[in-house]
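The values are calculated or read from the model by the stated rules, or taken from the named source; none is laboratory data. Worth saying up front: this structure is predicted, and the values here are computed from it rather than measured. Counting neighbours? That spans all protein chains shown, and the Cβs are built from the backbone with ideal geometry, glycine included. Surface accessibility is based on the protein's heavy atoms, side chains included, excluding ligands, DNA and RNA. Shrake-Rupley method; radii C 1.70, N 1.55, O 1.52, S 1.80 Å.
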Amino acid sequence: MTLTVEPGCYFIKHLINEALKEESDFRQFLNEEVLNSFRNFGGVRLEDVIEVTKSGCVNYTICPRTIDEVEAVLSGQNWPPMK
């Protein structure tokens, strides 16, 4: 079986505003200053194509994932790196 896994993190202004209200149950867990710095960021999502087999799984998606990998790509290094 092949499927797509799509985890994401989105910063939606309306939801941020609701979460930061005084009466919100979530407010105690949020750092307002840090959260506000992401208001115009939008979000990020990684989409992985995964094959599930009897013996495990294979991830066919090749993309930078670590901070070092992303920074290398942003600085113009080749992706994927040659081993």
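Take F29 and decide whether it is over 27 Å from P64 (Cβ atoms), under 21 Å from the mean Cα position of the chain (by Cα) and of a type in the set (A, V, I, L, M, F, W, C).
yes
Go through the residues of segment 52-59 one by one and say whether even a single one is under 14 Å from P7 (Cβ atoms) and open to solvent by 100 Å² or more (accessible area, probe 1.4 Å).
Within segment 52-59, none of the residues are under 14 Å from P7 (Cβ atoms) and open to solvent by 100 Å² or more (accessible area, probe 1.4 Å).
Do we find that E23 is part of a loop (DSSP other than H, G, I, E, B) and either among the acidic types (D, E) or touching a Cys at 6+ places or on another chain (Cβ under 6 Å) (or both) in this structure?
Here the answer is yes, as E23 does meet what is asked.
Please enumerate the residues belonging to segment 8-26 that are of a type in the set (D, E, K, R) and either free of Cβ contacts under 8 Å to residues at least 12 places away in the same chain or more than 29 Å from V70 (Cα to Cα) (or both).
Keep residues of segment 8-26 that are of a type in the set (D, E, K, R), which gives 13, 18, 21-23, 25.
Selection gives E18, K21, E22, E23, D25.
Does R65 satisfy being open to solvent by 90 Å² or more (accessible area, probe 1.4 Å), of a type in the set (K, R) and free of Cβ contacts under 8 Å to residues at least 40 places away in the same chain?
Spelling it out, R65 is indeed open to solvent by 90 Å² or more (accessible area, probe 1.4 Å), of a type in the set (K, R) and free of Cβ contacts under 8 Å to residues at least 40 places away in the same chain.
Quick test for you: out of V5, V34, V73, V49, pick the one residue that is surrounded by 11 or more Cβ atoms within 10 Å (Cβ to Cβ) and without any contact (Cβ under 8 Å) to a residue 24 or more places away in the chain.
On the way: V5 fails: without any contact (Cβ under 8 Å) to a residue 24 or more places away in the chain; V34 fails: surrounded by 11 or more Cβ atoms within 10 Å (Cβ to Cβ); V49 fails: without any contact (Cβ under 8 Å) to a residue 24 or more places away in the chain.
Criteria check complete, one pass: V73.
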